[in-house]
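The block underneath contains the structure these notes are about, expressed in structure tokens.
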Amino acid sequence: MSEHSSSNSPAGSGAWATWVAFGAILMMLGGVFAVLGGLAAAFDDSYFVSLQNDNVYAISIQAVGVIWIIVGVIKVWAGYALIQGAEWARWVTVLICSIHAVTSMIALPAQPFFGTLMIVMNLVILYAVTVRWEEAKIGMGD
């Protein structure tokens with residue numbers, strides 16, 4: 001008789017639940033930063049002014065700030081729900097982090113370190129919520 005079983009071990013599921021919790025905390029932290037950046041953009045026009053390369057953007061900085069606030073609140077909410085093991089939060093996380101990783105490439109010419117950091121952070125969150133989700137849910141007590 002084989003000692004290996006097809007069932008998931010509690011230690012393995014707990015380890016994946018820890019990955020999901022880590023991703024959820026990163027998600028909530030990113031949401032808080034998005035809200036703070038959105039507030040700065042919404043209330044201070046000069047916060048995001050850049051004359052580098054004479055780029056002109058035909059967007060309202062206040063509108064971008066409001067969008068960041070909304071997205072930040074969604075990220076905090078979804079991150080909290082991820083810790084609870086909510087399936088819908090997983091899909092919201094995949095959608096928002098995928099979009100954020102792609103749009104962070106826009107910031108690379110102006111802020112290469114910060115843009116790269118955001119891309120890597122979103123990829124870590126995506127890894128946490130997509131790899132072995134079922135094992136993680138067992139570790140979360142679902």
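Quick notes
- Among the residues making up the stretch 90-138, a single one is at pLDDT 85 or above and among the basic types (K, R): R90.
- Selection within the stretch 14-40: residues that are surrounded by 19 or more Cβ atoms within 10 Å (Cβ to Cβ) and small (G, A, S). The member of this set that is nearest to S60 (Cα to Cα) is G38.
- Sole exception among (1) modelled with pLDDT under 85; (2) loosely packed, with under 15 Cβ neighbours inside 10 Å; (3) more than 21 Å from T130 (Cβ to Cβ) for I70, by number: (1)
- Qualifying residue in the stretch 54-61 (condition: surrounded by fewer than 12 Cβ atoms within 10 Å (Cβ to Cβ), farther than 18 Å from G23 by Cα, at pLDDT below 85 and among the acidic types (D, E)): yes
The values are calculated or read from the model by the stated rules, or taken from the named source; none is laboratory data. Nothing here was measured: the structure is a model prediction, and the numbers come from that model. Neighbour counts are summed over all protein chains in view; Cβ atoms, including those assigned to glycine, are modelled from backbone coordinates with ideal geometry.
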